[in-house]
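Inspection log for the structure reproduced underneath, given as structure tokens.
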There are 8 protein chains.
Amino acid sequence: MGSDSDLEVMKIAAEVLSDFGVGYELVISSAHRTPAKTEKYTKEAPARGIKVLIAGAGYAAHLAGVIAANTVLPVIGVPLNASSLGGMDSLLSMVQMPSGIPVATVTIGKAGAKNAALLALQMLALSDKDLSGKLVEYREVMAKKVEEKDKNLKS
Amino acid sequence: MGSDSDLEVMKIAAEVLSDFGVGYELVISSAHRTPAKTEKYTKEAPARGIKVLIAGAGYAAHLAGVIAANTVLPVIGVPLNASSLGGMDSLLSMVQMPSGIPVATVTIGKAGAKNAALLALQMLALSDKDLSGKLVEYREVMAKKVEEKDKNLKS
Amino acid sequence: MGSDSDLEVMKIAAEVLSDFGVGYELVISSAHRTPAKTEKYTKEAPARGIKVLIAGAGYAAHLAGVIAANTVLPVIGVPLNASSLGGMDSLLSMVQMPSGIPVATVTIGKAGAKNAALLALQMLALSDKDLSGKLVEYREVMAKKVEEKDKNLKS
Amino acid sequence: MGSDSDLEVMKIAAEVLSDFGVGYELVISSAHRTPAKTEKYTKEAPARGIKVLIAGAGYAAHLAGVIAANTVLPVIGVPLNASSLGGMDSLLSMVQMPSGIPVATVTIGKAGAKNAALLALQMLALSDKDLSGKLVEYREVMAKKVEEKDKNLKS
Amino acid sequence: MGSDSDLEVMKIAAEVLSDFGVGYELVISSAHRTPAKTEKYTKEAPARGIKVLIAGAGYAAHLAGVIAANTVLPVIGVPLNASSLGGMDSLLSMVQMPSGIPVATVTIGKAGAKNAALLALQMLALSDKDLSGKLVEYREVMAKKVEEKDKNLKS
Amino acid sequence: MGSDSDLEVMKIAAEVLSDFGVGYELVISSAHRTPAKTEKYTKEAPARGIKVLIAGAGYAAHLAGVIAANTVLPVIGVPLNASSLGGMDSLLSMVQMPSGIPVATVTIGKAGAKNAALLALQMLALSDKDLSGKLVEYREVMAKKVEEKDKNLKS
Amino acid sequence: MGSDSDLEVMKIAAEVLSDFGVGYELVISSAHRTPAKTEKYTKEAPARGIKVLIAGAGYAAHLAGVIAANTVLPVIGVPLNASSLGGMDSLLSMVQMPSGIPVATVTIGKAGAKNAALLALQMLALSDKDLSGKLVEYREVMAKKVEEKDKNLKS
Amino acid sequence: MGSDSDLEVMKIAAEVLSDFGVGYELVISSAHRTPAKTEKYTKEAPARGIKVLIAGAGYAAHLAGVIAANTVLPVIGVPLNASSLGGMDSLLSMVQMPSGIPVATVTIGKAGAKNAALLALQMLALSDKDLSGKLVEYREVMAKKVEEKDKNLKS
């Protein structure tokens, strides 16, 4: 993430990964304030065993794009609602990448942090049957919760 | 894709996958007009060896979300510029998924179709070193083209 | 509605229906988290005597469209202001349905929940003269309230 | 519709109604230029056997709201892309009705004209089993067309 | 104004008119809930000596347009920030009037209520030299206040 | 108007004024390129018998606001669709005037040019019964045209 | 700045300039309420040794453009989030200047006030090596702070 | 600029610089496709005597921000209208820079390319009296052209 002010939202992604027993690193590194660190971290990521990169940033959120420009690992972007524009600036700065360098963009804010983690898990599950099974279970638990709420509503 | 009118854009994704020697299927199935077919196709996809699903749709583009609701395979959404709103309707209908069911959304239109294919390849490359190598080469070729254009400009 | 967090808004629709003595069911079922339940509920609705379906959802609000894809009963969509975009994401996800599968979309939020119930009553009143009469009375009461407020303002 | 320039789009609604064998009137009457005519037409509509009103208008599209204020018949609004804002002005002028007077708003433009007609048919079908059956058939034909396009794509 | 909830904002217009010693009426009448009253009030306005009409409304704000359709007196529209869209719905519903029936639209919200009153005074001042003089003085006072604030800032 | 490229739109306002037999001047003067000329013209306008000022401009359209800052005559703003943003930049630059200095903003583009002229005539008609009568006639002609179009449609 | 209500944001710019030991003046002068003062201040600025002008304003923010029209000194615009539109009105009123008169527009709000000061310093540093060195140091301190936050996060 | 497709717009900036006799380089280098080249070019720019950097890019336009992160020279951003969103994506990606790293953003498209060059000249003119004089002359010529157009209009 680009700033420690993004931690409140991005830790939701970390929690989901923890729940699935998948290792992760939380890193603060800015596309603009620490470009060298961001570049170095990204380029060394594959050698350190990192498979997927999740970038959360607000305003003109270049972090995901700058990371994506330095790796062929999949990069997921979480647009944050940090300015007065409701996150529309961050969303467009992430999703509207020119052709050649994709960023997998998810929902603005907390829902996006959760979805980013789940999307990363879905990517990893392509070669990990256990993880794939856990994702199926997760969906079933989620569905049951909705059904329970529906029952509570009726009683 | 949801309609054959989306073919002109979505075939760009197919071409990229062809160039990388990765198999794919082009399917027309609508979230709204053929919901049963869409659900059936999605649920049978893993058994048929499909790893990543790319959904291109315009207007209130539910296709990616409806697919994502029926699988734990990664789903990539390509918002199409089909209505009078420049694709903003399709973008928000794809990227703003509520928490729990992610859609990896990319650029609106042709740039998005290309990026969707590249993102799918990046996901597959997580467990395919050859493919990873090809993606690195692709980046190098892309960089060389930019440099050539720069040289042409100067001469 | 797609989530119990939508209840605060959607119960306004329920209250209007109650006031008119028209039966209704409040159901929590998500287009994305419980797609099977949503499909089953929708398909069984006509046999259970349901005439009109009202769907309230936020973010990329697919619920109304997914319901509409599975029935020829009229479907009314209430876009909810749940994300950081003021409900614009939900509005466009509901109203911009591609041709063939309409969603009758109303105002974002609480005004929309009320209007959804009134619109459903107007549809039912097409074959129910009593209900039609009640709607006319409701309008008169509403007009009187405005006139009373106007009088209060002046005194 | 508010102007004869809206005819090109709104006749699509007429054609759908014709295809279903349902009678209709095409009327040009403006909320702003002929308010008396619009009011008179709306108030006399029920006595003339009219069940549902479809209003297509561009710019600050008040037509649907003005009609809805003068009847308890269901009013469907088709926002038209007539100004330089892609129909966003017309959409918001129709869908954002204050509480008490609903307008059933559909897609901007041609897709909306078609959907308005289908929505009107769905309302009428609530008390017309034949029509309901025709709508089910229409859906099946629509689904078959999608499947045919899918087959053509593959061959 | 369309509702008593608009009073907090619209009374600012009243205060400005009071300060200039110009008579006014505050009326609550809705384009949608009391269309007949709105039409009647508007049509009788000239005979009662009313010169300019100011309409404040939120959501799909038709009030100004409906008034303008029934008079050739100048109509000023104040878009109110009443829904979740920051007043953009109300602004477009007022300012984007189709050709033939103008609404003089001013700023969204409180600044707009003040400006509506000043604009009305400017119109009246076209044939009232005293009022014109007062407006010039008002500008001078306003300029002095800015200069005083500037001085306070420096000391 | 701010530029000769605005002439195509703004001459529509001139034609309406001509049709009503009301004198006018067409002036090209820019808020940014010729600020001194704009200020001078505005300040001398009352002495030259000018009653209402109409400003048409595109992009960040400051012209109306700059004129309004230099006079207590009513200023009407016509936002023009000159950039790639559909006139939204020009609309917000005109209508969102801070409190104290109103601009009477009308529709973006050609409909706005026409409406600006009609609004100016409505202001002048406050003290000119003949003009007021002509405006009433104009409305009647406009209504008849709509009714003729409606008749043509039916035959 | 156009109003003392802008002081809370704009003093951030002043603080940055102080930190760099660069002199500045804080002035309240409005494009609309005190146009003469704004023009006079701008025209006399070069003679008084002023090198760069920073204008912060909300709503239809003409201040930067009006200043830019009266000088060839660089003018930096800070759009403020003062109305209900999240600063989008102010942003477009500043950045969308027609060709010929540029305004160097920065981020909406507090981030923009800081960036405006830094941009002004970068301009001054073009002919001031000491200042250029200080800016390089500032960047290093900023980078270190990010790295410290990253370390704190990990421990 | 990020791509040779941007040349048509960005050459306008080059022409303005030529007209003022100020040297420049036209470079194609992408923030995403050639990040290393972009970084290298930016870091070496001061040593090669470059004073101001102008970046033109479309879509999620990171180029200006990425350059700004690697230098303390002033960076001017020209948002280009390259996608289906009218340049709004590019504008927000440039102007909404987080605090610490400013980008001086100008108008979207051709007007912006011209303004970027003029803004660069204004910065250089801070320490170049001749250039400052030329800018004053340029303004006078521009003003004369407006006045000529005004005269032509009248005759």
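Quick note: the coordinates plus some simple rules give every number you see, no bench work behind them. Worth saying up front: this structure is predicted, and the values here are computed from it rather than measured. When we count neighbours, we look across all protein chains shown, and the Cβ atoms used for this are built from the backbone with ideal geometry, even at glycine.
Listing for the model above:
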quantity	calculated
D (Stokes-Einstein, µm²/s), Kirkwood Cα radius, the protein assembly as shown, 1.306 mPa s at 10 °C	51
Charge context of A:SER3, other residues only, Cβ under 12 angstrom, K/R +1, D/E -1	-1
Span-like helix ranges in chain B, DSSP H, alpha carbon extent 15 angstrom or more, Kyte mean at least 0.5	B:7-19, B:110-124
Rounded FRET efficiency, nearest 0.05, which uses the C-beta distance separating B:GLU140 from A:SER127 and R0 of 30 Å	0.70
For the stretch E:85-155 versus the stretch B:111-150, the gap between their alpha-carbon centres in whole angstrom	56
For the stretch F:34-88: rounded, prolate or oblate by the Cα gyration tensor [a/c cutoff 1.5]	prolate
Spin-label pair H:ILE50/A:GLU25, simplified geometry with 7 Å Cα→Cβ offset, distance in nm	3.1
Positive minus negative residues near B:LEU91 (Lys, Arg vs Asp, Glu; Cβ under 11 Å)	-3
Pairwise Lys count, chain G - Cα closer than 19 Å, eight or more residues apart or different chains	16
Beta carbon of chain A nearest to the axis of the rotation taking A to G, residue and angstrom distance	A:GLY86, 5
Counted charge near F:GLU25, where neighbours are those whose Cβ lies closer than 11 Å (Asp, Glu -1; Lys, Arg +1)	+1
Cα-based shape type of the stretch D:19-111, given that a ≥ b ≥ c are square roots of the gyration tensor eigenvalues and the cut on a/c is 1.5	prolate
Cleavage-rule hits, trypsin sites (Lys or Arg not before Pro), the stretch A:8-51, DSSP coil, Cβ neighbours within 10 Å at most 12	A:ARG48
Label point distance in nm, B:GLU148-C:LYS40, each placed 7 Å from Cα along Cα→Cβ	5.8
Average beta carbon contacts from partner chains per residue of C:138-148, 10 Å cutoff	5
